[in-house]
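Student: So that we are looking at the same thing, I have put the structure below in structure tokens.
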Amino acid sequence: MKLLVAADGSGQVHDAALPAVSKLIGDLDQDVEVHVLHVVHAASEAWSDEELKQVIAERTHELEALLAASDIATTLLVETLPYGGTVDHYICLRAGDLEVDAVVVTSRRATGVMAGLLGSVAQGVLSDSPVPVLVVRPSDDDGATNEDEAVAERD
């Protein structure tokens, strides 16, 4: 089985996504290949080529440190969003390119009226993914584990 984990650099990949992947892997009786993808939205910033290289190097270093603390073997992909693209669409394209069986995304925890809604990237991936999507919500601020993970299958 191949999984693609979308990483936004907020630490949710370590705190929420990888624990959910670990739980999923523990329930499977097969080898699992895990790709962690972080997309740098360079077009939204006024970065020079040199600044972009530095941003990519910094984000790679930060994510490598987060992933090193996990017991899951992963392949890290830090890629630049093509001009005119959206992050959610790019994640779906890469899911197809990598021929993964499922995509894992985290969704920021909302409160009040917004509690049932997903973040825009998670919603976009959920809507357009060619493969099943596991949406993982982070733990509550008090550290309680969150059992309301949502799974949606796309045909």
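Student: Can you name the number of the only condition in (1) at pLDDT 85 or above; (2) exposed (fewer than 15 other Cβ atoms within 10 Å of the Cβ); (3) out of contact with any strand residue (DSSP E or B) (no Cβ under 8 Å at 6 or more places or on another chain) that Ala43 fails?
Tutor: Result: Ala43 fails condition (1) only.
Student: Tally up the residues in the range 26-40 that are surrounded by 18 or more Cβ atoms within 10 Å (Cβ to Cβ) and either more than 18 Å from Thr86 (Cα to Cα) or among the β-branched types (Val, Ile, Thr) (or both), please.
Tutor: Counting residues in the range 26-40 that are surrounded by 18 or more Cβ atoms within 10 Å (Cβ to Cβ) and either more than 18 Å from Thr86 (Cα to Cα) or among the β-branched types (Val, Ile, Thr) (or both) gives 5.
Student: Further question: What's the number of the condition Glu51 fails, among (1) modelled with pLDDT under 90; (2) charged (D, E, K, R); (3) surrounded by 13 or more Cβ atoms within 10 Å (Cβ to Cβ)?
Tutor: Of (1) modelled with pLDDT under 90; (2) charged (D, E, K, R); (3) surrounded by 13 or more Cβ atoms within 10 Å (Cβ to Cβ), only one is false for Glu51: (3).
Student: Between Thr75, Thr145, Thr106, Thr111, which is at pLDDT 90 or above and hydroxyl-bearing (Ser, Thr, Tyr)?
Tutor: On the way: Thr145 fails: at pLDDT 90 or above; Thr106 fails: at pLDDT 90 or above; Thr111 fails: at pLDDT 90 or above.
Matching residue, one of Thr75, Thr145, Thr106, Thr111: Thr75.
Student: In addition: Filter the range 54-90 down to the residues that are farther than 20 Å from Val135 by Cα, surrounded by 15 or more Cβ atoms within 10 Å (Cβ to Cβ) and polar (S, T, N, Q) and list them by number.
Tutor: Across the range 54-90, the qualifying residues are Thr60, Thr80.
Student: Exactly one of (1) under 24 Å from Ser107 (Cβ atoms); (2) modelled with pLDDT of 80 or more; (3) of a type in the set (A, V, I, L, M); (4) part of a helix (DSSP H, G or I) is unmet by Val13. Its number?
Tutor: Of the numbered conditions (1) under 24 Å from Ser107 (Cβ atoms); (2) modelled with pLDDT of 80 or more; (3) of a type in the set (A, V, I, L, M); (4) part of a helix (DSSP H, G or I), the odd one out for Val13 is (2).
Student: Ok, one more. Across the range 77-103, which residue is nearest to Lys23 (Cα to Cα) among those that are touching a Ser or Thr at 6+ places or on another chain (Cβ under 7 Å) and outside any helix (DSSP H, G or I)?
Tutor: Among those residues, the one meeting the criterion is Val103.
Student: While we're on this one: In a strand (DSSP E or B), at pLDDT 90 or above, in contact with a strand residue (DSSP E or B) (Cβ under 6 Å, 6 or more places away or on another chain) and not aliphatic (A, V, I, L, M): does that describe Thr60? Steps first, please.
Tutor: Values: in a strand (DSSP E or B): no; at pLDDT 90 or above: yes; in contact with a strand residue (DSSP E or B) (Cβ under 6 Å, 6 or more places away or on another chain): yes; not aliphatic (A, V, I, L, M): yes.
No: the conditions fail for Thr60.
The values are calculated or read from the model by the stated rules, or taken from the named source; none is laboratory data. These numbers were taken from a predicted model, which means no experiment stands behind them. Here the Cβ is made from the backbone with ideal geometry for all residues, glycine too, and neighbour counts use every protein chain on show.
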